[in-house]
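Presented below is the structure to which this report refers.
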Amino acid sequence: MQIRLNGELLQLDSSCSLEALLSAQNQLKAGVAVALNQQVIPRSQWSNTFLSEYDDVDLFRAIAGG
């Protein structure tokens, strides 16, 4: 199964949750936000949101500023 992660093609063996993907990519960190097909997914839904073929996943890091 292919998805796009931050613009790069990524081959997965099978469907997985956003949480599993982020864990495999060492991205389960505080301050990370995820958009799936241009829709932000709340952290509380990562374990229940499963990826499909050709999904587009974008990771963002919150930055404090003033």
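The values are calculated or read from the model by the stated rules, or taken from the named source; none is laboratory data. Note that the structure is predicted; figures quoted are calculated from it, not measured. Every residue, glycine among them, receives a Cβ derived from its backbone with ideal geometry; neighbour counts consider all protein chains shown.
Looking only at region 1-37, which residues are within 15 Å of Glu53 (Cβ to Cβ) and touching a residue at least 40 places away in the same chain (Cβ under 8 Å)? Listed by number, the residues that qualify are Met1, Gln2, Ile3, Arg4, Leu5. Selection of region 1-19 for residues being hydroxyl-bearing (Ser, Thr, Tyr) and in a loop (DSSP other than H, G, I, E, B) yields Ser14, Ser15. I'd like the full set of residues that are under 14 Å from Asn6 (Cβ atoms) and not hydrophobic (A, V, I, L, M, F, W, C), limited to region 35-66. Matches in region 35-66: Asn37, Gln38, Asp55, Asp56, Asp58, Arg61.
Residue under question is Leu9, and the condition is that it be over 12 Å from the mean Cα position of the chain (by Cα), at pLDDT 95 or above and of a type in the set (A, V, I, L, M); does it hold? For Leu9, the condition - over 12 Å from the mean Cα position of the chain (by Cα), at pLDDT 95 or above and of a type in the set (A, V, I, L, M) - is met.
If you go through region 33-63 and keep only what is β-branched (Val, Ile, Thr) and out of contact with any strand residue (DSSP E or B) (no Cβ under 6 Å at 6 or more places or on another chain), you end up with Val40, Ile63. Selection of strands (runs of 3 or more DSSP E) fully inside region 23-62 by the criterion of at least 2 residues being farther than 18 Å from Gln11 by Cα and under 11 Å from the mean Cα position of the chain (by Cα) returns 32-36, 39-41. Among the residues making up region 41-65, those that are of a type in the set (Val, Ile, Thr) and surrounded by 11 or more Cβ atoms within 10 Å (Cβ to Cβ) are Ile41, Thr49, Val57.
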